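The values are calculated or read from the model by the stated rules, or taken from the named source; none is laboratory data. This is a predicted model, so every value here is computed, not measured. Heads up, the Cβs are rebuilt from the backbone with ideal geometry, glycines too, and the neighbour counts pull from every protein chain shown. The area values use the complete protein model at the heavy-atom level, side chains included, leaving out ligands, DNA and RNA. Shrake-Rupley method; radii C 1.70, N 1.55, O 1.52, S 1.80 Å.
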Amino acid sequence: MKNLKFEDLPSAIERILECLDRIEMDLDTIKEGLDNKKTNLTDSLMTRKEASEYLKVSVTTLWSWSKKGVLKPYHICGRVYFKRSEIDAKTILQS
């Protein structure tokens, strides 16, 4: 910034506050985007335990359904996951 005089301070502070408001709005927008991505990721995959609790069946039943092709398991880094959307689609069809 250029050299300010005492009488320039109110307008300079006003400009600074306007900039801070814009920065705050931008950060809120970024945070919402990150929260949405996090929600989408956690909603899309479920562990075996989460899926069994969600369906109110045992992990053994879930394994059996996987073997029969009722639900498709996804193997990621040695762990098994199920897609919530596929579980919801199957439970709607079975209702």
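Okay, here's what the table says:
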quantity	calculated
Residue satisfying all of: in the range 47-60; aliphatic (A, V, I, L, M) and more than 21 Å from the chain's Cα centre (by Cα); farthest from K90 (Cα to Cα) among these	V59
Exclusive hit being of a type in the set (D, E, K, R), modelled with pLDDT of 90 or more and not in a helix (DSSP H, G or I), set K72, K49, K67	K72
First in the range 6-26 and in a helix (DSSP H, G or I), second anywhere and not charged (D, E, K, R), Cβ under 8 Å, 6 or more apart	A12/M1; A12/L4
Restricting the range 61-76 to residues that are over 21 Å from the mean Cα position of the chain (by Cα) and open to solvent by 100 Å² or more (accessible area, probe 1.4 Å), the residue that is nearest to K90 (Cα to Cα)	K72
Condition broken by S44, with the remaining ones in (1) modelled with pLDDT of 90 or more; (2) open to solvent by less than 90 Å² (accessible area, probe 1.4 Å) satisfied	(1)
Test: residue in the range 1-23 that is open to solvent by 90 Å² or more (accessible area, probe 1.4 Å) and at pLDDT below 80	yes
Residues being modelled with pLDDT under 80 and open to solvent by less than 90 Å² (accessible area, probe 1.4 Å) - total across the range 24-41	3
